[in-house]
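K.L.:
I am attaching a structure below and will ask some questions about it afterwards.
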């Protein structure tokens, strides 16, 4: 669906007048440009306005659609792939690695040879890395 058609559908679904449409356009274009149109977890080729209009269409009443729209406009957070990857890298280096070191450190009850502890740490680190990458 072209941008103009999506905008017309959204305007009709939300029962917006010209003034409201103009006011909301800037916000919606900012959403699209900043995040959503680069988000990779939705239907290929579908853009923000089209996805929003089609999603809002599922609600039966204008009041329900307004509540849903307000949620998207004020509360929904889009997280890009690069932001998720950055979060995983930070979490691994600051939290997970510390946990793995603690988990594999020698215990007073059972003293493992250093090479075995090192192997166990490397194995846990590899498993955690695969999990973080979604493999």
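K.L.:
Specify which of the listed residues (97, 25) is modelled with pLDDT under 90, surrounded by 13 or more Cβ atoms within 10 Å (Cβ to Cβ) and not assigned by TED's automatic domain parsing to the domain that holds residue 122. Steps first, answer last, please.
P.N.:
Values: 97 fails: not assigned by TED's automatic domain parsing to the domain that holds residue 122.
From the options 97, 25, the qualifying one is 25.
K.L.:
Would you confirm, using the coordinates I've provided, whether residue 88 is surrounded by 15 or more Cβ atoms within 10 Å (Cβ to Cβ) and modelled with pLDDT of 70 or more? It would help to see each step written out before you state the result.
P.N.:
Details: surrounded by 15 or more Cβ atoms within 10 Å (Cβ to Cβ): yes; modelled with pLDDT of 70 or more: yes.
Against the criterion (surrounded by 15 or more Cβ atoms within 10 Å (Cβ to Cβ) and modelled with pLDDT of 70 or more), residue 88 qualifies.
K.L.:
If you don't mind, there's one more thing I want to ask. Restricting to the range 45-73, what's the tally of residues that are farther than 18 Å from residue 16 by Cα and at pLDDT 90 or above?
P.N.:
Count: 0.
The values are calculated or read from the model by the stated rules, or taken from the named source; none is laboratory data. Quick caveat, the model's predicted, so the values are computed rather than measured. Glycine gets a Cβ as well: all are built from the backbone with ideal geometry, and neighbour counts include every protein chain shown.
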